[in-house]
Amino acid sequence: MLGLSSGVEIFLAPGVTDMRKSYDGLAALVENELELSALSGALFVFCNRRRDRLKILHWDGSGLCVYAKRLERGTFAWPRSSAPTLSFTEFQLRGLLHGIDFREARERKWLRKSHRRDDLPTRV
């Protein structure tokens with residue numbers, strides 16, 4: 001599995017990408033179409049038309065890395081959007097890589113209590 005450092009930004013390029021592209025081709029897509037820096041240290045995720053292959057472009061500080069995944073069966077739940085790029089969390093990326101479809105998922109409302117000093121119970 002891809003090891004991610006905390007706080008790394010993750011961007012998905014919605015739509016279709018030609019999976020014949022490698023380092024320079026994907027970096028050119030990031031720079032020209034997404035208008036982001038390929039050397040920023042962020043992860044850039046691309047998917048093919050059949051949605052059975054993904055490529056991730058990443059600058060690790062010394063060079064560009066390309067990670068690829070090909071599914072033997074099924075498809076990725078690739079988001080559809082008219083935006084040039086989508087921001088994802090590490091959790092969402094790991095879910096996407098493991099076959100979880102977030103398109104119809106929703107966040108449940110939970111009771112969240114603050115833990116400010118004034119809210120803590122006092123001893124009697």
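Throughout, read-outs are computed from the coordinates displayed, never taken from laboratory work. Note that the structure is predicted; figures quoted are calculated from it, not measured. Cβ: placed from backbone, ideal geometry, glycine included. Neighbour counts: every protein chain shown.
Here are the numbers for the structure shown:
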item	result
Charge sum, other residues only, whose C-beta stays under 11 Å from residue 54's C-beta, Lys/Arg counted +1 and Asp/Glu -1	+4
Hits among aspartates and glutamates - C-alpha to C-alpha of residue 109 under 20 Å, sequence gap 8 or more where chains match	101
Environment charge at residue 17 (Cβ cut-off 10 Å; Lys +1, Arg +1, Asp -1, Glu -1)	+3
Sites residue 70 and residue 91, calculated FRET efficiency, Cβ-Cβ separation with R0 25 Å, nearest 0.05	0.65
Contour excess over end-to-end distance, with Cα ends at residue 50 and residue 18 and 0.36 nm allotted per residue	10.4 nm
Segment 10-119: relative contact order as a whole-number percent, Cα under 8 Å and 6+ apart	27
Counted charge near residue 72, where neighbours are those whose Cβ lies closer than 13 Å (Asp, Glu -1; Lys, Arg +1)	+4
